[in-house]
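First the structure, in the form of structure tokens, and then the observations on it.
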Amino acid sequence: MVDSTMVLAGQTIAYTFYCLVIILLVAWFAIKITGKGKNNKVSPALFYTFVGFLTVIGVSLHIITYNTIPWAEMDLKRSEITPDKTFNITIKNHQFILPSEKLVINVNDKVLFDVRSEDLTYGFGLFRSDNSMLFQMQVVPGHKNDLLWYFDREGVYTIRSTEYSGPKGAHMILKDAVQVVAASTTN
């Protein structure tokens, strides 16, 4: 699975370039129509050609990046997937209650995180050691809150609440609570 940091970097470059082209087109158009004289006219054919070009590029960017989102295909086929592991996690009184002290996952496992809140709306997120987010979901009391994730490389992750749940929510951090290991090390 493509890592989300790589997807974000690629999309940032593509969309930044696209936005700069749009800004330059609007600036050029504004200068041309607000100026005086014969040279300050914009031919409708030229203008609509640029707009058409930007539309084709914009739609193409969306189509190309649609399938680069790492979890999209798995979410679309979720009803056909049986998770390799399921972790039932409860949150109450600003604390995560895990089924074990450390959640150990094998590389290439599909894992279902079934998270239940007993009092407030919380967030459930996994964060890399550099504090970038791997994934997150909102956990609403009285609703089904689960997330299926495919782990394709080793790593250690921290669980954090990603939703404001009052001042105590800022301290809802379980450092290095999830460990993804090579399959042979767990046997």
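Are any of the residues in segment 165-187 surrounded by 14 or more Cβ atoms within 10 Å (Cβ to Cβ), at pLDDT below 95, of a type outside the set (A, V, I, L, M, F, W, C) and closer than 21 Å to VAL7 by Cβ? Within segment 165-187, none of the residues are surrounded by 14 or more Cβ atoms within 10 Å (Cβ to Cβ), at pLDDT below 95, of a type outside the set (A, V, I, L, M, F, W, C) and closer than 21 Å to VAL7 by Cβ. The condition of being modelled with pLDDT under 80, aromatic (Phe, Trp, Tyr) and in contact with a helix residue (DSSP H, G or I) (Cβ under 8 Å, 6 or more places away or on another chain) holds for only one of TYR15, TYR66, that being TYR66.
Might you check whether a residue that is among the aromatic types (Phe, Trp, Tyr) and outside any strand (DSSP E or B) occurs anywhere in segment 137-158? Please lay out each step first, then the result.
Here is the first cut: in segment 137-158, the residues among the aromatic types (Phe, Trp, Tyr) are 149-151, 157.
In the following step, the residues that additionally are outside any strand (DSSP E or B) were identified as none.
No.
Checked against the criterion of being free of Cβ contacts under 8 Å to residues at least 24 places away in the same chain, in a loop (DSSP other than H, G, I, E, B) and not aromatic (Phe, Trp, Tyr), the candidates SER129, SER100 yield just one match: SER100.
The values are calculated or read from the model by the stated rules, or taken from the named source; none is laboratory data. Here the structure is a predicted model, which is why all the values come from computation and not from measurement. Methodologically, a virtual Cβ is constructed for each residue, glycine included, from the backbone with ideal geometry; neighbour enumeration extends over all protein chains shown.
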